[in-house]
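The values are calculated or read from the model by the stated rules, or taken from the named source; none is laboratory data. Small disclaimer: the values here were computed from a predicted structure and weren't measured. We place every Cβ from the backbone using ideal geometry, glycine too, and count neighbours over all the protein chains shown.
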Amino acid sequence: MLSDRLRTYSLWSVRGLLALLFAVSGVGKLIDGQSAAHLTRTILNGTVGPAEAHGLVVAVSGAEVVLSGLLIWGRRLRWAFGVSFGLVAGFTVGLAALLGGEGVAPCGCFGAFSLGLSLEATLLRNLGVLALALVGFLLADID
């Protein structure tokens with residue numbers, strides 16, 4: 001069992017990392033969401049047009065900014081970590097479906113702040129984010 005002090009510091013660290021990640025991702029895509037919109041259309045097999053893909057990117061970006069705020073605020077943490085896990089897991093499943101297919105341009109996951117990671121590197125990063133969200137969920141008190 002973790003000591004209260006270690007649990008508190010660990011939870012603060014996980015909250016801070018995820019809040020920063022979601023804030024940078026959300027704001028970056030709001031600044032420049034073109035690559036993310038293209039990837040959205042690719043994941044959805046072209047079933048949405050450019051305007052709809054852009055709308056989805058804006059909605060997800062808004063959700064990321066709200067999640068960042070909730071993680072900083074510190075209330076309803078289990079809910080915030082659970083939604084964070086679900087959001088990243090859904091996106092990761094969509095990316096994984098593209099493995100082995102045609103070449104995919106960098107995802108643009110962070111919009112204007114993207115590093116141009118390969119699909120495989122993005123999947124690995126997302127696995128780390130999923131692990132952080134799960135650790136945060138397990139450390140958070142039920143509120």
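Considering the conditions (1) farther than 15 Å from L39 by Cα; (2) part of a helix (DSSP H, G or I), G100 is excluded by exactly one of them, (2).
The sole residue among L119, L30 that is of a type in the set (A, V, I, L, M, F, W, C), in contact with a Leu (Cβ under 7 Å, 6 or more places away or on another chain) and more than 30 Å from R7 (Cα to Cα) is L119.
Any residue at all in region 132-143 that's in a loop (DSSP other than H, G, I, E, B), over 15 Å from the mean Cα position of the chain (by Cα), modelled with pLDDT under 90 and surrounded by 14 or more Cβ atoms within 10 Å (Cβ to Cβ)? No, region 132-143 contains no residue that is in a loop (DSSP other than H, G, I, E, B), over 15 Å from the mean Cα position of the chain (by Cα), modelled with pLDDT under 90 and surrounded by 14 or more Cβ atoms within 10 Å (Cβ to Cβ).
Here C109 clears all of (1) under 12 Å from the mean Cα position of the chain (by Cα); (2) under 19 Å from R41 (Cα atoms); (3) surrounded by fewer than 15 Cβ atoms within 10 Å (Cβ to Cβ) except the condition numbered (3). Within region 6-24, the set of residues being β-branched (V, I, T) and surrounded by fewer than 15 Cβ atoms within 10 Å (Cβ to Cβ) comprises just one member, T8.
The residue list V129, V104 contains one member that is at negative phi, of a type in the set (A, V, I, L, M) and modelled with pLDDT of 90 or more, which is V129. Assess whether V93 counts as being in a helix (DSSP H, G or I), closer than 18 Å to G128 by Cβ and either over 12 Å from the mean Cα position of the chain (by Cα) or without any contact (Cβ under 8 Å) to a residue 24 or more places away in the chain (or both). Criteria met by V93. Of everything in region 29-78 that's modelled with pLDDT of 90 or more and among the basic types (K, R), which residue is farthest from G90 (Cα to Cα)? By that ranking, first place goes to R76.
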